[in-house]
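One structure below.
The values are calculated or read from the model by the stated rules, or taken from the named source; none is laboratory data. Everything quoted here is computed from the prediction, not taken from an experiment. Neighbour counts run over all protein chains shown; Cβ positions are idealised from the backbone, glycine included. Surface accessibility is based on the protein's heavy atoms, side chains included, excluding ligands, DNA and RNA. Shrake-Rupley method; radii C 1.70, N 1.55, O 1.52, S 1.80 Å.
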Amino acid sequence: MGVEKERSDTSIMMDEDEFNRSIEPMLSKKGKIYVEEPDRDPNDINAHLKVGFDDVIAEPRSTQSFDKVWIGSHAVFELSKYVFYRLLSTLLAIPMAFLLGLVFGVISCIHIWVAMPLIQSFLMVLPSARVVWRSLMDMFVSPLCNSMGKSLSSVHVETTYN
């Protein structure tokens, strides 16, 4: 177990950038010249999803599997992540884009045509309402509180114990 001493016939040779990007099947790249792909996450809002094999599975030095098992499990992890992401995004991307476009369109429309006009209307009316409210408080509530305070201030309470 652990690091094997014998020489292996097979090896995986990849650039580090290519390895980290994905583990696309190598057969699909034969004869194609790739231009650098555009950044699909320029604001880095999905930085927490950049999960690799080493972020999920790690073996301490004291307990390690065979090297071929480790390399195979790494390849299976990356390949299954790649295949299932592509499959699920193929099935869900268009319907989810439609639903999210609909939701954000409705929210934007409500915000622009309902919420902001109401808020602006309230902000225009509130100074006038504040003047009316303050004068009503000064006419009714303030005299009532002043008279109750003056009349109740002369009350003295004594407690006696038997």
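Once you place label points 7 Å from the Cα toward the Cβ at residue 103 and residue 124, how far apart are they in nm?
About 3.4 nm, to one decimal.
Simple spin-label model, 7 Å along Cα-to-Cβ: residue 39 to residue 68 in nm?
My value for the distance between the label points is 4.3 nm.
Could you give each residue of the range 130-140 its phi-based ³J(HN,Hα) in whole Hz, using Karplus coefficients 6.51, -1.76, 1.60 with θ = phi - 60°, and x for Gly or Pro?
5, 5, 5, 4, 5, 5, 5, 5, 5, 7, 10
State the percentage of accessible surface on the range 55-162 attributable to carbon and sulfur atoms; use a 1.4 Å probe and exclude ligands, DNA and RNA. Don't skip to the end; give the middle numbers.
Working: 7080 of 9650 Å².
On the range 55-162, the fraction of accessible area on carbon and sulfur atoms equals 73 percent.
Starting at the first residue of the range 149-161, write each ³J(HN,Hα) from the Karplus equation 6.51 cos²θ - 1.76 cosθ + 1.60 with θ = phi - 60°, in whole Hz, x for Gly and Pro.
The phi angles translate into x, 5, 6, 7, 6, 8, 7, 10, 10, 10, 10, 10, 10 Hz.
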